[in-house]
Amino acid sequence: MTTALAGCASDGSDAGVTSPPSVTQVGKGVTTTGTGDEPTGPMVDTVVAASVHAPIQLVARPGDDGHLWLAERAGRVRRLEVGDDGRSLTPVGDYALDISDQTTTEAERGLLGMTFSPDGGLLYVSSTDTDGDSQVVSYEMAGDEVETSTRSVVFSQDQPFPNHNGGHIVFGPDQQLWLGLGDGGSGDDPDNNAQNPDTYLGKMLRIDPQSGDVEIVVSGLRNPWRYSFDTDGSLWIGDVGQNAVEEIDHLAADDIDGANLGWSGYEGKGTYLEGDDRRPADAVPPVFEYPHDDGNCSVTGGFVYRGKAIPALDGAYLFADYCAGRLRAIRMADDGALEQELDLGADVDHPVSFTEGADGEPYVLSQDGNIVRLVPPA
């Protein structure tokens, strides 16, 4: 991110940038079905469900119905009660975990990701330590309490610069822990980490939670700021760009292992740096990209909406830009081609994360403090 988390862009040329493919494009606040119907109004309304301090991640814990768990970037975790209509979130008790003395919010650092094991019995927290290095730590849960005495380091990685830390963690369909790491920071990936098979930087990793074994699954990432698995096992990644282009990548379940997304030989679909084995022959291009125009600077990836309340969004991948704040979506055709680009007709200031509630309905977290629930338009 720019001054915070979106995986800052750096100065440089925009040579080689290409335009996105021809799709059904929709202007400010309207959408279309692609069947010739007249456009309608905004697709969503926004409701502030809670105002907190620098929210960074909101997740559902398996087995904890009626609650969501919030991570604040400064290093605190707390439990929130979900209102009957999902439009209010109320803190329950004190902070369940406070590691604010073990991290720092300098540059793009801090508590960056959080998830629970599939059975809800372990809490995993991804952060940078006081030296700025990445680590993933697990804690056992005792009911609704975090047993801090059970702290166990699952993964650690030295970071050469204070930006491009990635840090998002999720459990995949394979019941393994997935971690996305940026290329180590600075600009233009000076050490070519994203294409170096001997470092975890610039990679998507699969971690066995039992043995701690780490496997590189996807290479060629600059700073994967939020990714998600769809119901078909496919992987969606919002990868932050450098000078001119933000990209969204989509890998079918059978195409994930071994994929190379091309950074830093490519920025989006356009060629970027040459030499030093930076440009892989098998680079997978993004399914969608957008330029740094109209105030855009850094993509915040989301998830494919499968909820019930907003049927017009069914099957659409939600995302936004940290600087522009406009909520957007894309929809893919059955053959994997980009079919539709949607403007949802709503904004969230400095969006840093999308969350799917236990009911499948979306929340967007603003770095400025609001947790925003997306609801059907009035």
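The values are calculated or read from the model by the stated rules, or taken from the named source; none is laboratory data. All figures in this text were calculated on a predicted structure; none of them were measured in a lab. Here Cβ is always computed from backbone atoms with ideal geometry, including for glycine, and neighbour counts include all displayed protein chains. Note: accessible area is taken over every heavy atom of the protein model, side chains too, but ligands, DNA and RNA are not part of it. Shrake-Rupley method; radii C 1.70, N 1.55, O 1.52, S 1.80 Å.
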Filtering the range 249-306 down to residues that are over 29 Å from residue 348 (Cβ atoms) and among the basic types (Lys, Arg) yields 278, 279
The condition from (1) without any contact (Cβ under 8 Å) to a residue 40 or more places away in the chain; (2) within 30 Å of residue 305 (Cβ to Cβ); (3) β-branched (Val, Ile, Thr) that residue 217 misses is numbered (1)
Restricting attention to the range 322-378, the residues that are in contact with a His (Cβ under 8 Å, 6 or more places away or on another chain) and open to solvent by less than 30 Å² (accessible area, probe 1.4 Å) number exactly 4
Taking the range 334-373 and keeping residues under 15 Å from residue 57 (Cβ atoms) and among the polar types (S, T, N, Q) leaves 353, 355, 366, 367, 370
Flagged in the range 326-352 as at positive phi and at pLDDT 95 or above, in numbering order, are 345, 350
Note on residue 7: of the conditions (1) surrounded by 15 or more Cβ atoms within 10 Å (Cβ to Cβ); (2) modelled with pLDDT under 95; (3) more than 24 Å from residue 99 (Cβ to Cβ), unmet is (3)
Of the listed residues (144, 189, 101), the one being modelled with pLDDT of 95 or more, of a type in the set (Asp, Glu) and farther than 24 Å from residue 54 by Cα is 189
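Of all residues in the range 108-131 being surrounded by fewer than 19 Cβ atoms within 10 Å (Cβ to Cβ) and among the small types (Gly, Ala, Ser), which is nearest to the chain's Cα centre (by Cα)? Steps first, please.
Restricting attention to the range 108-131, the residues satisfying the condition of being surrounded by fewer than 19 Cβ atoms within 10 Å (Cβ to Cβ) are 117-121, 129-131.
If we keep only those that are among the small types (Gly, Ala, Ser) as well, we get 117, 120-121.
Working: 117: 18, 120: 21, 121: 24 Å.
Out of the qualifying residues, it is 117.
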Per the filter on the range 85-103, residues surrounded by fewer than 18 Cβ atoms within 10 Å (Cβ to Cβ), part of a loop (DSSP other than H, G, I, E, B) and in contact (Cβ under 8 Å) with a residue 40 or more places away in the chain are 87
Filter the range 43-73 for residues that are out of contact with any Leu (no Cβ under 7 Å at 6 or more places or on another chain), assigned to a loop (DSSP other than H, G, I, E, B) and modelled with pLDDT of 95 or more; the one that is farthest from residue 126 (Cα to Cα) is 66
Only one of (1) open to solvent by 10 Å² or more (accessible area, probe 1.4 Å); (2) in contact with a Ser or Thr (Cβ under 7 Å, 6 or more places away or on another chain) does not apply to residue 146, and that is (2)
Residue 286 meets each of (1) free of Cβ contacts under 8 Å to residues at least 60 places away in the same chain; (2) open to solvent by 10 Å² or more (accessible area, probe 1.4 Å) with one exception, condition (2)
Over the range 229-249, the set of residues open to solvent by 20 Å² or more (accessible area, probe 1.4 Å) and closer than 24 Å to residue 163 by Cα is 243
